[in-house]
Each structure stands twice: as C-alpha cells, then as structure tokens.
Amino acid sequence: MSYGIKLIMGLIGTALLCIFVGGLAQSISSGFAGFWGGFPFMVIAIIVCGMAVYDYFDECIRKKK
C-alpha cells in the first residue's frame, strides 16, 4: 500500500475509534452513572485512545529502517 493511502486511512480509522470511544465515555459519565461512576471507564478510554494514536504513529508516520 502506498505511503499516502496508508497515512490517510490510518488517520481516518484512528480518528473514528477515538471519537466513538470518547463519545461512549461522555455518554456514560453524563448519564445514570454520573461523573464518578463513569470515571474508571473514562480513564480506560483515554488510555485506549493513547495506545491507538501511538500505534498509528508507529505504523504510519515513523520511518523504519
């Protein structure tokens, strides 16, 4: 796959994942669970999004030898 396609598709996929997980965390925190009930999921969501962004950087942006 060409570098440009890999860069664009990886960015789209990572952005969709982070938007979905972030919206889910916001929905849980503002709903019945409340802030402190949704806090553990919010922490997990931040960690997962961070790992997804790092994987995108590692696979698509960083030059490999």
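The set of residues in the stretch 17-60 that are open to solvent by less than 70 Å² (accessible area, probe 1.4 Å), touching a helix residue (DSSP H, G or I) at 6+ places or on another chain (Cβ under 8 Å) and β-branched (Val, Ile, Thr) comprises VAL21, ILE28, VAL48.
The rows are residues; the columns are (1) assigned to a helix (DSSP H, G or I); (2) at pLDDT 95 or above; (3) not basic (Lys, Arg).
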{"site": "MET1", "(1), (2), (3)": "no, no, yes"}
{"site": "LEU11", "(1), (2), (3)": "yes, yes, yes"}
{"site": "LEU16", "(1), (2), (3)": "yes, yes, yes"}
{"site": "SER27", "(1), (2), (3)": "yes, no, yes"}
{"site": "GLY37", "(1), (2), (3)": "yes, no, yes"}
{"site": "PRO40", "(1), (2), (3)": "yes, no, yes"}
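Annotation note: Cβ proximity below 7 Å between a residue of the stretch 53-65 that is without any contact (Cβ under 8 Å) to a residue 40 or more places away in the chain and a residue that is surrounded by 13 or more Cβ atoms within 10 Å (Cβ to Cβ) (sequence gap 6+ or interchain) occurs for VAL53/THR14.
The values are calculated or read from the model by the stated rules, or taken from the named source; none is laboratory data. Everything numeric in this text was worked out from a predicted model, so none of it was measured. Note that each Cβ is placed from the backbone with ideal geometry, even for glycine, and that neighbours are counted across all protein chains shown. The accessibility values were calculated without ligands, DNA or RNA, using every heavy atom of the protein model including side chains. Shrake-Rupley method; radii C 1.70, N 1.55, O 1.52, S 1.80 Å.
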